Amino acid sequence: MSCSSVADFWRRYSVYLIVIALMAVLGALQPWSSEWLQFDRARIDQGELWRLLTTNWVHLSTNHLIGNILGMALFAYIAGPYLNNRLGVALLLWCMLFVGVGLYIYAGYLQRYVGMSGALHGFLLVAPFVSAFYSRRMAWVFFVVIVTKTLWEQTAWYDDMALVGYIGGRVETNSHLMGTVAGMLFLTYLKIFKAGLLDRGEQ
């Protein structure tokens, strides 16, 4: 790969690559990273508010980390260069913070939580609407699939222990709910204030 190709790849995907690299580094620093960064209700109550944001960056296990890295790679593939910018950074921070704060307020039973999957639901909900690679019809297909999946996880038919042997813990479905709501609110913001961005995929 030539220097110009590397530079172009970096220009198109730098935000996503930085996020993935940070996730991998923090994974290599386990268990220290989780000790200081995970959602821990008792420590948040003591003033360690950064955990509401940083909990997204640490994981239960290597398999959990790999799954979330693949989710970020999918987000990068869908969004392409269209969210490799300040808007993309805003989306990332908004969804991550919304998940952390949402779990603290809504999931009072939850004492500890780690992972990016909740925020990823928000990322993937927004990405096809902003990316010019996808028609508006396809973006709505993504929307319906993600919202349907999230609602299904809130029912008695979903087994939140199904992946415990693979990721090392229970799936926190309310994080997926928080991430989906965050994505929907971000789309509402774009519709009101940046409608032109959503018109690129109109077909």
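Tabulated results
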read-out	value
Two-site label geometry, Trp50 and Ser135: point separation in nm, points 7 Å out along Cα→Cβ	4.8
Gain on full stretching of the segment that runs from Ile66 to Asp160 - 0.36 nm per residue minus C-alpha separation	31.9 nm
Fewest-first ranking of Trp157, Trp32, Trp94, using other Cβ atoms within 10 Å as the exposure measure	Trp157, Trp32, Trp94
Computed helical MRE - 222 nm, the chain, DSSP H runs ≥ 4 contributing -39500 (n - 2.57), nearest 500	-22000 deg cm²/dmol
Using a Förster distance of 30 Å, the FRET efficiency for Val144-Leu93 (Cβ separation, nearest 0.05)	0.70
On Cα atoms only, tilt of 173-193 relative to the major axis of the chain in degrees	30
Relative packing of 114-122, 189-197, 10-18, 127-135, which averages over residues the other C-beta atoms within 10 Å, highest first	114-122, 127-135, 10-18, 189-197
Residue-wise HN-Hα coupling along the range 62-75, computed from phi with Karplus coefficients 6.51, -1.76, 1.60 (Hz; x: Gly, Pro)	4, 4, 4, 4, 4, x, 6, 5, 5, x, 5, 5, 5, 4
Distance between the range 1-22 and the range 140-203 - C-alpha centres, whole angstrom	27
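Only the coordinates and a few stated rules stand behind these numbers; no lab work does. Note that the structure is predicted; figures quoted are calculated from it, not measured. Reconstructed Cβ throughout: ideal geometry from the backbone, glycine too, with neighbour counts over all protein chains shown.
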